[in-house]
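The values are calculated or read from the model by the stated rules, or taken from the named source; none is laboratory data. Here the structure is a predicted model, which is why all the values come from computation and not from measurement. Here the Cβ positions follow ideal geometry from the backbone for every residue, glycine too, while neighbour counts run over all protein chains shown. Note: areas computed on protein heavy atoms with side chains; ligands, DNA, RNA excluded. Shrake-Rupley method; radii C 1.70, N 1.55, O 1.52, S 1.80 Å.
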Amino acid sequence: MSTQHPITVLIVDDEPDIRELLEITLSRMGLQTETADSVASAREQLAQLSVHLCLTDMKLPDGNGVELIQHIQQHCPQVPVAMITAYGSMETAIDALKAGAFDFITKPVDLERLRTLVQSSLRLNASPTAAGQADTSQLVGNTPVMQELRKQIAKVARSQAPIYISGESGSGKEVVARLIHANGPRHHGPFVPVNCGAIPGELMESEFFGHVKGSFTGAHEDKKGLFEAADGGTLFLDEVADLPLAMQVKLLRAIQEKSVRKVGSNTEIAVDVRILSATHKNLLLEVEQGRFRSDLFYRINVIEIRVPSLRERSADIPLLADHLLAQLALEWQIPKPRLSPAAARALSDYPFPGNVRELQNVLERAYTLAEGEVIEADDLQLPEVPLATPPSDTGLDFNAFESLEAYLEETERQILRRALDQHRWNRTVTASALGMTFRQLRYRLQKLGLDKDDEA
């Protein structure tokens, strides 16, 4: 560490005892500390000093920590901020993370947890793989939605906030999760993916939290759980909506307490894990229908990143296909196949309900069937695109309508509203799912008065 450029931590708290405790702890770590007792004095310090980390209390005499976080995000976004909150005020902590805080710590301050937090935050700018610089070759595409996705990944990678990654099956949610991990300060730690729907219910607690020898039949030795395996790194909960309600309660506790208890043990084990989660289901709808706990939903969904479907970025298909064919050639040790113009057009016109995963499977099969190194349209064997078949049971009583036309209009209105809700009112995606053009959908919405629902 250079004596000319010491690492400086700004401590913002109006309680002298807390400031002194934090100063002593950080000084013993070889860090220089500066202090402030209000939002105003903190702003002055930030303007005058070169600060590498800010620790701020939530409640300050002239404002609150969230205001300070917002100020730092605007004026010195390279400075990570950690919020100090009262014990049990999880809503406050979540507000801080949403505002851009790197992480949070609760009072009374656990000094070991504080040291871990500080070390993790200082790796942000010291790391050779600073945010936005890790390999993004798997995230292929130059469309605006993909450019925005890369920006989001670079931004959230700097935080420790739980991230919820939404998107259709096969769209690349795990690729996004791995990039968030690789671009952040935990890149040196493990990335542990788990498919929540693939674990048998009776083994779920043992898989997540581990067990001690003899805790149940077949427990012949102590076993680490997924949380312990991901300690110091990232735990990726794929298909999190498939967790049973009983397990959701235990998962929420582990996330909030940052500790786990092995099956058959009476002691808690502290774990330092960042949680990323994903599902192809509409998680908010799962909450509304009672299949997913709302408290867990708001805990894991501090920040949401949506991965676009391939239909929404069809202009990327030629580039993505070329990338996948290059990977295929490398893996199979063959000359790189190429697409004929007709095959490229066929791929661009196909809606790919299975997204990138389906495109990869189509290309592998096509090369196997192709007679040479050029893949023709017939080699793709793309299935016929079926028109959407919305459910016919609308629950409407025909006798309640004055005419057949009124009944059919209300039926269509319900079908369109259901399709729009399913695709979060993204009209382009809804039109594709219903087998019509965007202009046709817009006309139907205007005729049925549904365009006003979107504006409301």
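So is Glu112 modelled with pLDDT of 85 or more, open to solvent by 40 Å² or more (accessible area, probe 1.4 Å), assigned to a helix (DSSP H, G or I) and out of contact with any strand residue (DSSP E or B) (no Cβ under 7 Å at 6 or more places or on another chain) or not? Quick ask: steps written out before the conclusion?
Values: modelled with pLDDT of 85 or more: yes; open to solvent by 40 Å² or more (accessible area, probe 1.4 Å): yes; assigned to a helix (DSSP H, G or I): yes; out of contact with any strand residue (DSSP E or B) (no Cβ under 7 Å at 6 or more places or on another chain): yes.
The answer is yes for Glu112.
Looking only at residues in the range 176-191 that are in a helix (DSSP H, G or I) and touching a helix residue (DSSP H, G or I) at 6+ places or on another chain (Cβ under 9 Å), which one is modelled with the lowest pLDDT? Spell out how you get there, then give the answer.
Within the range 176-191, the first condition is being in a helix (DSSP H, G or I), and the residues that meet it are 176-183.
Adding the requirement that they be touching a helix residue (DSSP H, G or I) at 6+ places or on another chain (Cβ under 9 Å) leaves 176, 179-183.
Working: Val176: 96, Leu179: 95, Ile180: 95, His181: 94, Ala182: 92, Asn183: 89.
Among those residues, the one meeting the criterion is Asn183.
Find the residue count for the range 133-150, including only residues that are at pLDDT 90 or above, under 24 Å from Gln78 (Cβ atoms) and either among the acidic types (Asp, Glu) or open to solvent by 10 Å² or more (accessible area, probe 1.4 Å) (or both). If you could, list the steps in order and put the result at the bottom.
Within the range 133-150, the subset at pLDDT 90 or above is 140-150.
Still in the list and also under 24 Å from Gln78 (Cβ atoms): 147-150.
Within this subset, residues satisfying the condition of being either among the acidic types (Asp, Glu) or open to solvent by 10 Å² or more (accessible area, probe 1.4 Å) (or both) are 147-148, 150.
Matching residues across the range 133-150 total 3.
Give me the residue from the range 373-400 that is open to solvent by 80 Å² or more (accessible area, probe 1.4 Å) and at pLDDT 85 or above and, out of that set, nearest to Ser432 (Cα to Cα).
Filtering the range 373-400 for residues that are open to solvent by 80 Å² or more (accessible area, probe 1.4 Å) and at pLDDT 85 or above, the one nearest to Ser432 (Cα to Cα) comes out as Gln381.
Against the condition closer than 12 Å to Lys262 by Cα, touching a Gly at 6+ places or on another chain (Cβ under 6 Å) and either surrounded by 14 or more Cβ atoms within 10 Å (Cβ to Cβ) or of a type in the set (Val, Ile, Thr) (or both), how does Gly210 come out, does it pass? Please lay out each step first, then the result.
Numbers: closer than 12 Å to Lys262 by Cα: yes; touching a Gly at 6+ places or on another chain (Cβ under 6 Å): yes; either surrounded by 14 or more Cβ atoms within 10 Å (Cβ to Cβ) or of a type in the set (Val, Ile, Thr) (or both): yes.
Yes, satisfied.
Regarding Glu228, is this residue open to solvent by less than 50 Å² (accessible area, probe 1.4 Å), among the charged types (D, E, K, R) and not in a strand (DSSP E or B)? So that I can check it myself, show each step before the final result.
Numbers: open to solvent by less than 50 Å² (accessible area, probe 1.4 Å): yes; among the charged types (D, E, K, R): yes; not in a strand (DSSP E or B): yes.
In short, yes.
Got a sec? Which helices (runs of 4 or more DSSP H) wholly within the range 231-336 have at least 1 residues that are closer than 26 Å to Met146 by Cα? Steps first, please.
On the way: elements: 245-257, 283-288, 294-300, 317-332.
Of the helices (runs of 4 or more DSSP H) lying wholly inside the range 231-336, those with at least 1 residues that are closer than 26 Å to Met146 by Cα span 283-288, 294-300, 317-332.
Is it fair to say Leu310 is without any contact (Cβ under 8 Å) to a residue 60 or more places away in the chain and of a type in the set (A, V, I, L, M)?
Numbers: without any contact (Cβ under 8 Å) to a residue 60 or more places away in the chain: no; of a type in the set (A, V, I, L, M): yes.
Against the criterion (without any contact (Cβ under 8 Å) to a residue 60 or more places away in the chain and of a type in the set (A, V, I, L, M)), Leu310 does not qualify.
Can you give me the number of residues within the range 68-96 that are in contact with a strand residue (DSSP E or B) (Cβ under 7 Å, 6 or more places away or on another chain) and over 11 Å from Met58 (Cα atoms)?
5
Collect the residues in the range 348-386 that are in contact (Cβ under 8 Å) with a residue 60 or more places away in the chain, out of contact with any Asp or Glu (no Cβ under 8 Å at 6 or more places or on another chain) and part of a helix (DSSP H, G or I), keeping them in residue-number order.
The answer is Val356, Arg357, Glu358.
Tyr87 is checked against (1) open to solvent by 60 Å² or more (accessible area, probe 1.4 Å); (2) at pLDDT below 90; (3) assigned to a helix (DSSP H, G or I) and fails just one. What number does that condition carry?
Tyr87 satisfies all of (1) open to solvent by 60 Å² or more (accessible area, probe 1.4 Å); (2) at pLDDT below 90; (3) assigned to a helix (DSSP H, G or I) except (3).
Please verify whether the range 37-59 includes one or more residues that are open to solvent by less than 20 Å² (accessible area, probe 1.4 Å), part of a helix (DSSP H, G or I), polar (S, T, N, Q) and in contact (Cβ under 8 Å) with a residue 24 or more places away in the chain.
No, every residue in the range 37-59 fails to be open to solvent by less than 20 Å² (accessible area, probe 1.4 Å), part of a helix (DSSP H, G or I), polar (S, T, N, Q) and in contact (Cβ under 8 Å) with a residue 24 or more places away in the chain.
Given the conditions (1) under 30 Å from Glu312 (Cα atoms); (2) open to solvent by 20 Å² or more (accessible area, probe 1.4 Å); (3) at pLDDT 90 or above, report the number of the one that Ala130 does not fulfil.
All conditions are met except number (3).
Name every residue in the range 401-434 that is outside any helix (DSSP H, G or I) and either surrounded by 15 or more Cβ atoms within 10 Å (Cβ to Cβ) or more than 30 Å from the chain's Cα centre (by Cα) (or both), in order of residue number. Reasoning before the result, please.
Kept after step one, since they are outside any helix (DSSP H, G or I), are these residues of the range 401-434: 401-403, 423-426, 434.
Within the range 401-434, Phe401, Glu402, Ser403, His423, Asn426, Leu434 qualify.
Only one of Pro308, Pro318, Pro353, Pro337 is touching a strand residue (DSSP E or B) at 6+ places or on another chain (Cβ under 6 Å) and on the phi < 0 side of the Ramachandran plot; which? Show your work before the answer.
On the way: Pro308 fails: touching a strand residue (DSSP E or B) at 6+ places or on another chain (Cβ under 6 Å); Pro318 fails: touching a strand residue (DSSP E or B) at 6+ places or on another chain (Cβ under 6 Å); Pro353 fails: touching a strand residue (DSSP E or B) at 6+ places or on another chain (Cβ under 6 Å).
It is Pro337.
Which one of these does Ala370 not meet: (1) buried (at least 17 other Cβ atoms within 10 Å of the Cβ); (2) over 33 Å from the mean Cα position of the chain (by Cα); (3) modelled with pLDDT of 90 or more?
(3)
When both residues are 6+ apart or on different chains and their Cβ atoms are under 8 Å apart, which pairs have a first residue that lies in the range 217-234 and is within 19 Å of Met247 (Cα to Cα), and a second that is surrounded by 14 or more Cβ atoms within 10 Å (Cβ to Cβ) and of a type in the set (Ser, Thr, Tyr)?
From the range 217-234, the pairs are Lys223/Ser206; Gly225/Ser206.
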